[in-house]
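To start, the structure itself, in structure tokens.
The values are calculated or read from the model by the stated rules, or taken from the named source; none is laboratory data. Note that the structure is a prediction, hence the values are computed from the model and not measured. Backbone-built Cβ (ideal geometry, glycine too); neighbour counts: all protein chains shown.
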Amino acid sequence: MDKFLINGPCKVKGKVSVSGSKNASLPILAATLLFDKPVIIKNLPIVKDIKTMLNLLKSLGSKIVLSKDKKTVKIINKKKMKTFASYSLVKTMRGSILVLGPLISKFYKSKTSLPGGCLIGARPVNYHLSALKKLGMDYKIKDGYILAKTKGRLKGSMIKFPKISVGATENSIIAACLAKGKTVLKNCAIEPEIKDLTNFLNSAGAKIKWSGRTCKILGTDTLNQTEYTVMADRIEAGTFCVAATLTKGNLEIRDFNPDMIRTELELLKKVGARIKIDSNKIKITGPKKIKPIKNIKTKEWPGVATDMQSQLMVLMCRADGKSSITENIFENRFLHVGELQRLGANIQIKKNKAFIDGNTKFVGAELMSSDLRASVALVLAAMISNGKSSINRIYHLDRGYENLEIKLKKIGVKIKRLKK
Ligand code: EPZ
């Protein structure tokens with residue numbers, strides 16, 4: 001298993017380009033199962049989760065033609081596709097549950113493995129299943145698989161999600177595209193990645209309209225050929241913004257829409273960062289003193305993204321005073337705290353709230369990654385620690401950050417990957 005060696009402290013300086021969004025690419029790739037005609041998707045990030053999704057599509061019968069730079073893919077589906085999404089693939093990437101909606105909508109049956117939980121929480125899929133049931137899917141759970149079928153075409157319906165769920169919203173929108181008649185989804189998640197999915201589907205002739213958290217889909221018989229460029233990764237962009245703020249650095253972060261992280265940028269301005277915003281890039285300079293924020297709360301979009309929580313926690317460890325962070329989305333997303341404490345952080349957890357003392361003098365140590373976003377928090381902490389840190393199990397990071405050590409090295413971080 002690869003690990004990172006980082007020599008701190010360091011300051012980031014220069015320019016960095018943001019890759020395509022993992023969390024926009026996954027539902028878009030799953031939705032290609034709806035298509036009879038070839039589909040071209042551009043700006044894919046070269047990360048493990050995308051490779052897993054492409055392997056899953058291949059296992060279902062899709063022909064995958066990858067460009068030389070691996071960022072563009074042409075997908076051609078067979079008339080007769082398989083509908084079995086195996087545990088061996090689904091267990092490595094929860095986002096695989098997103099093939100359930102298109103398979104049942106297009107092929108009227110599917111045997112999809114339950115994704116199972118992960119370290120940040122149980123990650124149930126009950127909202128996915130109840131919404132698809134309302135569209136006409138019958139299913140039973142057997143040996144960890146969802147055995148789903150439908151008597152002919154799904155039928156449009158009115159569905160109100162009991163709780164806001166990104167994945168359940170995505171699965172339902174994808175399934176409703178080929179359902180008969182109109183579907184109205186209420187209390188939807190409205191993350192930018194979901195809008196990217198609906199822009200992609202509309203570019204192929206789907207009829208999807210938004211008004212607030214309500215999404216209306218008029219089912220069509222088929223979707224047309226299309227070519228679509230995936231949005232940039234707002235969490236990667238936000239992570240680099242925290243890096244500049246944390247290290248008193250000076251970064252130009254390019255090729256993304258700053259509006260996607262407007263809430264996080266407002267927060268970084270409150271912390272003291274100086275930020276200049278253009279249409280597809282920002283310039284950010286870190287402050288001499290990092291101001292603490294009393295109570296940062298993660299929320300569904302447009303609130304502070306839960307995927308930015310661990311990065312913001314590292315920033316608050318260096319703030320000049322006490323702060324707190326409340327994690328409202330996942331029940332166990334403080335796995336980075338134990339590792340930060342090993343670097344010298346003073347953080348107390350009470351239920352879903354972390355109380356951070358600030359003014360931490362981080363000292364380099366041996367660290368263990370636990371999940372994708374916790375791992376990048378350890379990289380940030382190692383960048384401002386005195387001395388050497390090594391971060392183990394960075395396969396967690398490789399799931400969602402493209403060439404991270406190459407990008408960091410280019411902006412002044414003393415980092416190298418040890419291949420094991
Ligand atoms: C997506 O996960 C993202 N993953 C997550 O990013 C992100 O943290 C999350 O949305 C929230 O923004 C992808 O897009 C591939 P949810 P998802 O359904 O769809 C509960 C990363 O680091 N829930 O909005 O699984 C659930 O347990 C990953 O890139 C149910 O109870 O998130 C959670 O507590 C991590 N039943 C809350 O809702 C359900 O059927 C929000 O989950 C579905 C969800």
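How many of the residues in the range 130-162 are more than 13 Å from the ligand (Cβ to nearest atom) and either of a type in the set (D, E, K, R) or surrounded by 13 or more Cβ atoms within 10 Å (Cβ to Cβ) (or both)? Even if it seems obvious, please write down each step before you answer.
Quick first cut of the range 130-162, residues more than 13 Å from the ligand (Cβ to nearest atom) only: 134-145, 147-158, 160.
Still in the running and either of a type in the set (D, E, K, R) or surrounded by 13 or more Cβ atoms within 10 Å (Cβ to Cβ) (or both): 134-140, 142-143, 145, 147-151, 153-157, 160.
Within the range 130-162, residues that are more than 13 Å from the ligand (Cβ to nearest atom) and either of a type in the set (D, E, K, R) or surrounded by 13 or more Cβ atoms within 10 Å (Cβ to Cβ) (or both) number 21.
Within the range 36-50, at least one residue is buried (at least 20 other Cβ atoms within 10 Å of the Cβ), closer than 28 Å to TYR108 by Cα, in contact with a helix residue (DSSP H, G or I) (Cβ under 9 Å, 6 or more places away or on another chain) and not hydrophobic (A, V, I, L, M, F, W, C).
The number of residues in the range 113-129 that are within 8 Å of the ligand (Cβ to nearest atom) and modelled with pLDDT of 90 or more comes to 5. Residues that are under 16 Å from LEU335 (Cβ atoms), part of a strand (DSSP E or B) and more than 17 Å from the chain's Cα centre (by Cα) do occur in the range 381-391, at least one of them. Checked against (1) in contact with a helix residue (DSSP H, G or I) (Cβ under 9 Å, 6 or more places away or on another chain); (2) farther than 26 Å from ASN392 by Cα; (3) away from the ligand (no atom under 16 Å from the Cβ); (4) among the acidic types (Asp, Glu), GLU300 meets all criteria but (3). Taking the conditions (1) out of contact with any His (no Cβ under 6 Å at 6 or more places or on another chain); (2) small (Gly, Ala, Ser); (3) outside any loop (DSSP other than H, G, I, E, B) in turn, SER370 satisfies each one other than (3).
In the range 181-193, the residue that is nearest to LEU29 (Cα to Cα) out of those that are more than 9 Å from the ligand (Cβ to nearest atom) and either part of a helix (DSSP H, G or I) or touching an Asp or Glu at 6+ places or on another chain (Cβ under 9 Å) (or both) is PRO192. Within the set ALA122, ALA131, the sole residue that is among the small types (Gly, Ala, Ser) and touching a strand residue (DSSP E or B) at 6+ places or on another chain (Cβ under 8 Å) turns out to be ALA131.
Only residues that are under 21 Å from ILE217 (Cβ atoms), of a type in the set (Lys, Arg) and at pLDDT below 95 were counted across the range 130-176, and they come to 1. Of all the listed residues (SER110, SER105), the sole one being closer than 20 Å to ILE174 by Cα, touching a residue at least 40 places away in the same chain (Cβ under 8 Å), polar (S, T, N, Q) and surrounded by 20 or more Cβ atoms within 10 Å (Cβ to Cβ) is SER105.
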